[in-house]
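First up is the structure itself, then whatever we jot down about it.
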Amino acid sequence: MLGEEKKDYKWVSTLPENESLVTGLPDRVIVITGANTGIGAAVAKGALEAGAKAVYNIDLRAPLEDNEFAALQKAYPGKAHYLNGDVTKLDTIVAAFDKVIEAEGTLDGVVANAGITIRKGSLEYTPEEWDLIINVNLKGVVNTANVAIKNFLKLGKKGSIVVTASLVAHGTNKAAPSLPYQATKSAILGVVRGLGCEFACQGIRVNCVSPGYIRTALTTYPDTDPLWSTKLDIWGGMHRLAEPRELAGTYVYLLSDASSYTTGVDVRVQGAIDAW
Ligand SMILES: NC(=O)c1ccc[n+]([C@@H]2O[C@H](COP(=O)([O-])OP(=O)(O)OC[C@H]3O[C@@H](n4cnc5c(N)ncnc54)[C@H](O)[C@@H]3O)[C@@H](O)[C@H]2O)c1
């Protein structure tokens with residue numbers, strides 16, 4: 001019978017405990033994949049500014065001394081932690097979450113953010129390149145979300161998962177087309193809708209954010225490149241790349257009780273580039 005397999009799960013409400021409309025992430029424990037730099041690091045900073053007790057960054061490599069996450073570790077001593085993990089390897093993600101639960105005894109929010117791209121013509125990708133992008137951007141998100149959900153269920157408490165999708169989940173990237181990247185980001189919308197519906201009654205919300213063009217290592221052309229200026233002229237919108245910090249508030253909102261009745265949706269933060 002439909003839902004029979006979930007009969008043992010506890011029903012958990014997402015309704016906030018207090019009636020305040022002003023809400024941040026007080027004392028919350030947040031895990032973010034791929035937070036060494038770029039969007040993930042900005043979300044980590046936003047979470048700490050919003051009152052999080054601890055932020056855990058699961059990334060492939062330890063933060064370099066001069067990168068954004070290392071700066072956060074200095075600014076918030078004892079609150080910004082790095083854990084080694086590869087989202088394509090489920091056992092490393094399970095082990096990283098186990099360490100978080102062991103250290104904090106709890107978990108409140110998870111951001112499945114790690115992602116990669118390779119840019120070239122659609123017919124030029126090797127099967128290995130397709131596998132790599134699918135493994136990081138799609139299976140990596142599913143691995144992270146599944147481990148997060150299992151932990152929330154085990155703890156018997158509500159939780160919020162936010163996935164980083166992309167403008168290309170809705171349309172083709174005019175600046176730097178990448179078919180496997182576009183395919184995985186579109187697929188993520190389905191994952192978010194599916195998980196959001198399936199675990200709504202367990203108090204586990206699953207949403208995504210679709211950033212537009214953000215100034216990070218992933219955007220190959222700096223906006224000082226005259227090409228950016230011409231392209232943004234044609235596409236309309238705000239005529240600039242976004243800074244990663246301009247996304248943090250959206251993630252904090254989706255992680256927080258302010259979005260207690262929001263699940264299974266995508267929030268597009270794209271400076272109107274796609275709105276014409
Ligand atoms: N920059 C943009 O314009 C833009 C636009 C839309 C969506 N995005 C998405 O935002 C997310 C973050 O990208 P960014 O722009 O901040 O780039 P970034 O390169 O600065 O950050 C990506 C992070 O993911 C980590 N990572 C890569 N593979 C991993 C793996 N297998 N396991 C664990 N960590 C891994 C990297 O080490 C890095 O720290 C990605 O999912 C990307 O697709 C970026």
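The values are calculated or read from the model by the stated rules, or taken from the named source; none is laboratory data. Source: prediction; values computed, not measured. Here Cβ is always computed from backbone atoms with ideal geometry, including for glycine, and neighbour counts include all displayed protein chains. In case anyone asks, the SASA skips ligands and DNA or RNA and just uses the protein heavy atoms, side chains included. Shrake-Rupley method; radii C 1.70, N 1.55, O 1.52, S 1.80 Å.
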Counting just the residues of the range 42-70 that are within 13 Å of the ligand (Cβ to nearest atom) and part of a loop (DSSP other than H, G, I, E, B), which one comes out most open to solvent (accessible area, probe 1.4 Å)? 61
Looking only at the range 20-41, filter to residues that are in a loop (DSSP other than H, G, I, E, B) and within 16 Å of the ligand (Cβ to nearest atom); which one of those is surrounded by the fewest Cβ atoms within 10 Å (Cβ to Cβ)? 37
Hey, could you check the range 182-217 for residues that are hydroxyl-bearing (Ser, Thr, Tyr) and modelled with pLDDT under 95 and say which is farthest from the ligand (Cβ to nearest atom)? 213
Scan (1) farther than 23 Å from residue 206 by Cβ; (2) surrounded by fewer than 18 Cβ atoms within 10 Å (Cβ to Cβ) for the single condition residue 95 breaks and write down its number. (1)
Selection from the range 133-167 of residues that are more than 14 Å from the ligand (Cβ to nearest atom) and small (Gly, Ala, Ser): 148, 156, 159, 160
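Of all residues in the range 106-128 being more than 10 Å from the ligand (Cβ to nearest atom) and aliphatic (A, V, I, L, M), which is nearest to the chain's Cα centre (by Cα)?
The qualifying residue nearest to the chain's Cα centre (by Cα) is 110.
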Take the residues in the range 71-90 that are charged (D, E, K, R) and within 10 Å of the ligand (Cβ to nearest atom); name whichever of them is surrounded by the fewest Cβ atoms within 10 Å (Cβ to Cβ). 89
Filter the range 98-110 for residues that are open to solvent by 10 Å² or more (accessible area, probe 1.4 Å) and in a helix (DSSP H, G or I) and give the result. 98, 99, 101, 102, 103, 104
Filtering the range 134-157 down to residues that are under 15 Å from residue 205 (Cα atoms), open to solvent by 40 Å² or more (accessible area, probe 1.4 Å) and touching a helix residue (DSSP H, G or I) at 6+ places or on another chain (Cβ under 7 Å) yields 142, 153
